[in-house]
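Before any comments, here is the structure.
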Amino acid sequence: MPICLWCSYDLTGLPEHHACPECGLEYDPKATAIELTQHVHPLAVIFFAAAFAALLAILTLRRQPSWVEVFILLVAGALVFPMLGRMWLGSGRHDRLILNRNGLNYCPSSGEIRTMPWKQVAEVRAALGNASLTVLDPEGEQLLKLRADRLGGHKHVPPAVGEIRQRREIYLAENEMDSAGQETHGG
Ligand SMILES: [Zn+2]
């Protein structure tokens, strides 16, 4: 069952190549997606930790708390933190790279989709011992840089590089075939 790689809209019954009626993303049968971890701002983490530490400090300074109370508070913190994090980051869309015939699309959970057409994607490589994935245009300008942790760790960088390169080959070949077909048809 074909579903939109971005908004999960059910695309059953629509032609092979089309834009999703829900979010407008191009769909084609060869399109794939690479999941990215959410980008958590370090300041947000510091803020939550500081707020919790302050709460703990206030409670312990006001009077002598029992060890049981401190223990309960710490356990509650450990349980609430990840929950808050998930709520705050949103449970719906996750950052994603979507590879379709339009190009390499960087899709953040909030904000605009950024499309890098395949002709602009000249080089995809793993940098600094798989510490990051970088995409360069024909002039050597950096189009995209993703740290390894956004791909789920260092070992996930080479497969992602491989997948992007492979899709690029497929879609560039497809485009060439399309334009060659049009020329023959026109001439
Ligand atoms: Zn969609």
Task: Single residue of 68, 80 found to be modelled with pLDDT of 80 or more and farther than 23 Å from residue 103 by Cα - done: 68
TODO: Give the residue, chosen from 61, 104, 56, that is of a type outside the set (Ser, Thr, Tyr), at pLDDT 90 or above and more than 15 Å from the ligand (Cβ to nearest atom).
DONE: 104
Task: Pair list, Cβ < 8 Å and 6+ apart or interchain, from segment 20-31 residues that are free of Cβ contacts under 8 Å to residues at least 24 places away in the same chain and within 10 Å of the ligand (Cβ to nearest atom) to residues that are hydroxyl-bearing (Ser, Thr, Tyr) and outside any loop (DSSP other than H, G, I, E, B) - done: 20/27
Open item on the list: I need the strands (runs of 3 or more DSSP E) fully contained in segment 110-155, keeping only those with at least 3 residues that are over 28 Å from residue 19 (Cα atoms).
Closed with: 123-127
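The values are calculated or read from the model by the stated rules, or taken from the named source; none is laboratory data. Nothing here was measured: the structure is a model prediction, and the numbers come from that model. So basically every Cβ, Gly included, is an ideal-geometry build from the backbone, and we count neighbours across all protein chains shown.
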